[in-house]
Each structure stands twice: as C-alpha cells, then as structure tokens.
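Undergrad: Got a structure for you, written out below as structure tokens; questions coming shortly.
The values are calculated or read from the model by the stated rules, or taken from the named source; none is laboratory data. Quantities reported herein were computed from a predicted structural model and do not represent experimental measurements. Cβ placement follows ideal geometry from the backbone for every residue including glycine, while neighbour counts extend to all protein chains displayed. Ligands, DNA and RNA are stripped out before the accessible areas are found, and what is left, the full protein with its side chains, is counted by its heavy atoms. Shrake-Rupley method; radii C 1.70, N 1.55, O 1.52, S 1.80 Å.
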Amino acid sequence: MSSDLRDLYQDVILDHGKKPRNARVIEGATLTQPAYNPLCGDKGTLYLSLDAAGDKIIDAAYVGQGCSISTASASIMTDFLRGKTREAALVTFEHFRDMITAAPDEASHRAVPNLGKLSVFSGVAEFPARVKCATLAWHALKAALSQGSDTTAKPVSTE
Ligand code: ZN
C-alpha cells in the first residue's frame, strides 16, 4: 500500500472516530444488540430496523464508547448497512473479517473493491491486537441477525 493511501485511510478512520455517524438510538428498532470487547474496553449497542419482511435493513445505528478504531468501524458499517439485505450484510462481514485478518503481505489483495469505504480498515491487518476493535460492531450485527424473533439479546463479546 502506498503511504498516500495509508494516510487517506487514516484520515477517514480518524474522522469517523471523532464524529461517528448514526450514533443514535433507534426508537422501536427491530433488533437491538449490545456488544463488548474486553481486550480494549470497547462497548456499545447496535440498533437495526428491518423492513416488514424482516429481510432488508432500513436503518442502522450504533451508540458506544471505545477507541477510535471501534467507533469508526461502527460508524462506517452503519452507513454501509442501510438498504442492504440480511444476506448481503453477512457476506460483507465475512469479506471484511477476511480482509483484516489477512497476513500483511496479503492485505492489499484482500482489500477487494466491493468493500468500498470499508477498505479503509485493511491496514488493521498489520495490527492483530486491533482486529477485535474493528470487528466489534460486525459481531454485534451477526448476533443481531441471528436473534430471530427473540429480541431479548444477550451481549455479544469478541472473545
Ligand atoms: Zn478498541
């Protein structure tokens, strides 16, 4: 990765870390999922509103406290999720996790274009300790979408 690209990615993460988008409670959310990363202390709650069929994500929000990586990841993820189907969201989680758990020399190959803005996290692959920060909101997403009709979610932990 060129250093210019790395700087750009860092700027995007810092911007979202300082001014997270969608940091609000969705009243009457279809799914509510708390999440906690004990390694770093990041914690938060993901809110999802689904369409009547329960298949498409109409709105996504995340309220949390944590490091800039976890905050930025939740911010960019919630932007990304709006309008996506359940299936597309879960497939993207797999790609995202593959990207940031790739060996450093593989990371540039894994930053596939269809991840769009989510690619800014490809550099996290070089910092294994931060992977759980970057995936916390995504683990919450996966747990939320696995809830089915049980809306009394237990907190998901990255451990
Ligand atoms: Zn963190």
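Undergrad: For the stretch 120-145, how many residues meet the condition of being of a type in the set (S, T, Y) and at pLDDT 90 or above?
TA: 1
Undergrad: Being in contact with a strand residue (DSSP E or B) (Cβ under 7 Å, 6 or more places away or on another chain), hydroxyl-bearing (S, T, Y) and on the phi < 0 side of the Ramachandran plot is the requirement here; does Y47 meet it?
TA: yes
Undergrad: Filter the stretch 60-76 down to the residues that are in contact with a strand residue (DSSP E or B) (Cβ under 9 Å, 6 or more places away or on another chain) and β-branched (V, I, T), then identify the one that is nearest to A137 (Cα to Cα).
TA: T71
Undergrad: Among all residue pairs at least 6 apart or on different chains, which show Cβ distances below 7 Å where the first residue, located in the stretch 39-66, is free of Cβ contacts under 8 Å to residues at least 12 places away in the same chain and the second is open to solvent by 60 Å² or more (accessible area, probe 1.4 Å) and hydrophobic (A, V, I, L, M, F, W, C)?
TA: Here the result reads D51/I58, each pair linking the stretch 39-66 to a residue that is open to solvent by 60 Å² or more (accessible area, probe 1.4 Å) and hydrophobic (A, V, I, L, M, F, W, C).
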